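The values are calculated or read from the model by the stated rules, or taken from the named source; none is laboratory data. These figures come from a predicted structure and were not determined experimentally. All Cβ positions, glycine included, derive from the backbone under ideal geometry; neighbour counts span all protein chains shown.
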Amino acid sequence: MEGKHKKSPSASPEKDLLCAEGRPDIGKVWRNVLQEAERIAASEHRLVSLMEDVFLSRASFHEAISARLARKLAREDMTRNELFPLLEEVLVAHPELALSMVSDMMAIKDRDPACTSMIQPLLFYKGFLAISTYRLSHQLWKNSRCDLALYFQSLSSEVFGVDIHPAAHLGCGIFLDHATSVVMGETTIVEDNVSILHEVTLGGTGKESGDRHPIVRSGVLIGAGAKILGRVEIGKGAKIGAGSVVLNDVAAHKTVAGVPAVVVGESSSENPAQAMDQSLICSGL
């Protein structure tokens, strides 16, 4: 394990090229979702109303995700009828958000054997819905609508049990597996194609200001309950063992575990986030 950061390398999200990979075929995914919605409506009459409201009556993916989030996030403070046009307006103005959301859906379908169709993340995966809420709040934050962005952060924490500050920078293809109690601080950077299990904290170490939260490079797998604290960098393709406390940099393709975390070997896969292999391959270090 390398020494702790004294500076903030690659702190700028522009330098990290977040969401730098190819654009998903959103039309193909949307057609697949509609087919699944028709199947569910035909086979389960108790879900017909949900399928009609969220999918079958909608003309596009961005309408569907706006409808789904409006159903989930509606409160006395802001009703469904108020939420839906607000969310849709943001997605129409920033179509890259929907592409990022579809990338997240595809990551779930690819990495989670329990996910058997593209519609399931939209319906049942609170990690996906929480990340989608974050993406909207992040755009509001960039548009200087910070109070509204923080409102959505609070809603996500309350409804989904996921607390991601809207100023954090997350790439595409992010999989929050189970998602409960995931926390990411204000200056966190997570690159593309990262998998994070439940009860993970990407946090600071005190009251310091400025860049104070972790940088997580692409392909990283972070096991359940891991805590990564301070402006440390988790290198590309690294693996963090469940329950670990990481206070120092982790080099690319290393596996660390323990409290405090130490190197226990090389990552067993070139891309642990995709492989989702949480075993610890020790090398006698």
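M106 falls short of the stated requirement of being over 16 Å from the mean Cα position of the chain (by Cα), touching a residue at least 12 places away in the same chain (Cβ under 8 Å) and surrounded by fewer than 23 Cβ atoms within 10 Å (Cβ to Cβ).
Taking the criterion of being crowded, with 22+ Cβ neighbours inside 10 Å and of a type in the set (D, E, K, R), the only residue of the stretch 109-152 that qualifies is R135.
Evaluated against (1) crowded, with 20+ Cβ neighbours inside 10 Å; (2) touching a residue at least 24 places away in the same chain (Cβ under 8 Å); (3) closer than 24 Å to R111 by Cα; (4) touching a Lys or Arg at 6+ places or on another chain (Cβ under 8 Å), V232 falls short on exactly one condition, (3).
Can you name the helices (runs of 4 or more DSSP H) wholly within the stretch 21-73 that have at least 1 residues being of a type in the set (F, W, Y) and in the same structural domain as V92 (by TED's automatic domain parsing)? Steps first, answer last, please.
Numbers: elements: 26-43, 48-51, 61-73.
Qualifying helices (runs of 4 or more DSSP H): 26-43, 61-73.
Here T133 passes the criteria (1) polar (S, T, N, Q); (2) part of a loop (DSSP other than H, G, I, E, B); (3) touching a residue at least 60 places away in the same chain (Cβ under 8 Å) except the one numbered (2). Taken over the stretch 256-273, the criterion of being crowded, with 18+ Cβ neighbours inside 10 Å and either of a type in the set (A, V, I, L, M, F, W, C) or within 15 Å of I196 (Cα to Cα) (or both) is satisfied by V256, A257, A261, V263, V264, P272, A273.
Evaluate the following for L123: is it part of a helix (DSSP H, G or I), over 14 Å from C172 (Cα atoms) and not polar (S, T, N, Q)?
Working: part of a helix (DSSP H, G or I): yes; over 14 Å from C172 (Cα atoms): yes; not polar (S, T, N, Q): yes.
Taking the combined requirement at face value, the residue satisfies it.
If you check D77, D112 for being acidic (D, E), assigned by TED's automatic domain parsing to the domain that holds D25, more than 19 Å from R23 (Cα to Cα) and in contact with a strand residue (DSSP E or B) (Cβ under 8 Å, 6 or more places away or on another chain), only one passes: D112.
Looking only at the stretch 74-97, residues that are in a helix (DSSP H, G or I) and within 17 Å of Q139 (Cβ to Cβ) come to 13 in all. Residues of the stretch 214-229 that are out of contact with any strand residue (DSSP E or B) (no Cβ under 6 Å at 6 or more places or on another chain) and in contact (Cβ under 8 Å) with a residue 40 or more places away in the chain: S218, G219.
So that you can scan it fast, the table gives a plain yes or no per residue for (1) in contact (Cβ under 8 Å) with a residue 24 or more places away in the chain; (2) in the same structural domain as Q153 (by TED's automatic domain parsing); (3) under 15 Å from the mean Cα position of the chain (by Cα):
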residue	(1), (2), (3)
S181	no, no, yes
V190	yes, no, yes
V194	yes, no, yes
T201	yes, no, yes
T205	yes, no, no
I240	no, no, no
H253	no, no, no
V262	yes, no, no
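Mind checking which residues of the stretch 207-229 are surrounded by fewer than 21 Cβ atoms within 10 Å (Cβ to Cβ) and not basic (K, R)? Answer for the stretch 207-229, where residues must be surrounded by fewer than 21 Cβ atoms within 10 Å (Cβ to Cβ) and not basic (K, R): E208, S209, G210, D211, A224, G225, L229.
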